[in-house]
1. Select from region 153-174 the residues that are open to solvent by 40 Å² or more (accessible area, probe 1.4 Å) and not charged (D, E, K, R) and write down the one among them that is nearest to residue 245 (Cα to Cα).
2. Please work out if residue 185 is more than 30 Å from residue 113 (Cα to Cα) and either in contact with a strand residue (DSSP E or B) (Cβ under 8 Å, 6 or more places away or on another chain) or exposed (fewer than 15 other Cβ atoms within 10 Å of the Cβ) (or both).
3. For region 135-148, name all the residues that are in contact (Cβ under 8 Å) with a residue 12 or more places away in the chain and open to solvent by 40 Å² or more (accessible area, probe 1.4 Å).
4. Residues that are assigned to a loop (DSSP other than H, G, I, E, B) and within 25 Å of residue 243 (Cα to Cα): does region 40-51 have at least one?
5. State all residues of region 201-231 that are of a type in the set (Val, Ile, Thr) and buried (at least 17 other Cβ atoms within 10 Å of the Cβ); if no residue qualifies, say none.
Amino acid sequence: MKKATSGVSVFAALAIVLVGCTAIEPAPAATPTPSGSTTVELIMNGPAVTGTGPTAPYPGIDFPLQEGMHSVTIDIECAGGGLFHAELGDSMALGQAPLRGTCDGTTSLVWPITEATGPTFTIWVPDGVEWTATPHFSTAEFVRDEKITAECEAFGNVYSALWNADAGYTTYQAFDETEWKTRVEAAAVELESLVKASDTGMADSFAEVLAAMQGEKSAPGAWLSETNLLDPITDTCNKNHSQMILRAEFGG
């Protein structure tokens, strides 16, 4: 999830080791098109990069992109069970978000490659955790699911309304509890409609947020720090590269 007023992160130092040769291994794969004809998707495997702990401060480490490629799948391998976050290029400038996973083996994450994508890679892992990132470049375009994109935008509006209600009432004293209740009730009506209309697989997560709004999370201020209920939604949005955006009325 991205806040419209978010700042720049700072990372710890890292020793980087390039693994293996720099040779590129093309691996063509036939893919049927809707017309029944056949196109060839070209896969080019880049050299793996390894490290220990989080990468150095922005913009991360060098991560050369292959010319003519339109997307890349990066296999991230680490152990220990902790979370990791990974970023290709400058996610904020690209309108994307860092992707995340758990260090319990290998996680494959996909990014689009555009003219604006920078040849850098950033990873946040706990100190001392060893990791490997292996890229598989492709000529295939990354295709966003437009239904997911629309629902992420719609839920972003709901969450923004909740966050602004809490911040405006508890932190900034911009209005009274009556206005807070009015705002939360309006957001609940909007979310209920989204729950009924959703057909992306996020409906259950939306319903859990709605139940919390009407139950244990109904107290003022609860949504300023809530993450657990939001994580499945933000993960889906981020992997589709159509991140949920928090539009804050208050703060700078």
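The values are calculated or read from the model by the stated rules, or taken from the named source; none is laboratory data. Keep in mind the model is a prediction, meaning the values are calculated, not measured. In this analysis, Cβ positions are derived from the backbone assuming ideal geometry, glycine residues included, and neighbour counts consider all displayed protein chains. Heads up: the accessible areas ignore ligands, DNA and RNA and are worked out on the full protein's heavy atoms, side chains in. Shrake-Rupley method; radii C 1.70, N 1.55, O 1.52, S 1.80 Å.
1. Among residues in region 153-174 that are open to solvent by 40 Å² or more (accessible area, probe 1.4 Å) and not charged (D, E, K, R), the one nearest to residue 245 (Cα to Cα) is 157.
2. yes
3. Those that are in contact (Cβ under 8 Å) with a residue 12 or more places away in the chain and open to solvent by 40 Å² or more (accessible area, probe 1.4 Å): 136, 139, 141, 142, 144, 145, 147.
4. No, every residue in region 40-51 fails to be assigned to a loop (DSSP other than H, G, I, E, B) and within 25 Å of residue 243 (Cα to Cα).
5. Listed by number, the list holds a single entry, 209.
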